[in-house]
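The values are calculated or read from the model by the stated rules, or taken from the named source; none is laboratory data. Note that this is a predicted model, so its numbers are computed, not measured. Cβ coordinates were reconstructed from backbone atoms using ideal geometry, including for glycine residues, and neighbour counts include every protein chain displayed. Surface accessibility is based on the protein's heavy atoms, side chains included, excluding ligands, DNA and RNA. Shrake-Rupley method; radii C 1.70, N 1.55, O 1.52, S 1.80 Å.
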Amino acid sequence: MSWALGLPTVLGMSGMDARDAELKKELDATLQARRELGDEYESALVDSFLAKVDQRIDGSVERLVRRQLAEQQMTVARESRKPKATDSWGERFGFGIVSLVLAVPLSAIGGGVGHLPGLVVAWLGIVGVNVVQAARVDPALFGSRRRRREPDDAWED
């Protein structure tokens, strides 16, 4: 009769999959009990079945909330692990001064011991350290291909 009214029957439900097989069995059992017990137990049977459906929905919602919370915590943890760009003028100025101060004795030692090749190696080391520092402070300075990800707004469609 419910099929004639346009309502789906248990047999006509095609959206149920393997994980809902238990719920389908419960519905079949509830309908069978209603046929056997009659109309007087219908509200109790329906309430019992709806309580089971409620539990299933609560479990699904709880799993989804836990998953989203875990994803948010992972995102926050990843963001907090990223190195902070310390692009302050004082740090850059201080690093430049220290490089120049250390360049004098390194040049003297490299030139005195290794002559011209020693002097070239000392200055390549000084330039290398400064290039690494500049790349750490501003990765886009040397044409880094890594794009900064914009934070996803979960509320937008």
Task: Where a residue in the stretch 21-46 is in contact (Cβ under 8 Å) with a residue 60 or more places away in the chain and its partner, wherever it lies, is open to solvent by 80 Å² or more (accessible area, probe 1.4 Å) and of a type in the set (Ser, Thr, Tyr), with Cβ under 6 Å and at least six apart - done: none
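Residue-wise test of (1) under 30 Å from Leu27 (Cβ atoms); (2) open to solvent by less than 100 Å² (accessible area, probe 1.4 Å); (3) of a type in the set (Lys, Arg); (4) modelled with pLDDT of 90 or more.
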position: Arg56; (1), (2), (3), (4): yes, yes, yes, no
position: Glu79; (1), (2), (3), (4): no, yes, no, no
position: Ala85; (1), (2), (3), (4): no, yes, no, no
position: Trp89; (1), (2), (3), (4): no, no, no, no
position: Trp155; (1), (2), (3), (4): no, no, no, no
Open item on the list: I'd like to know if the stretch 129-145 contains one or more residues that are closer than 30 Å to Val65 by Cα, part of a loop (DSSP other than H, G, I, E, B), at pLDDT below 70 and open to solvent by 80 Å² or more (accessible area, probe 1.4 Å).
Closed with: no
Open item on the list: Give me the residue from the stretch 51-83 that is of a type in the set (Lys, Arg) and more than 30 Å from Glu22 (Cα to Cα) and, out of that set, nearest to the chain's Cα centre (by Cα).
Closed with: Arg78
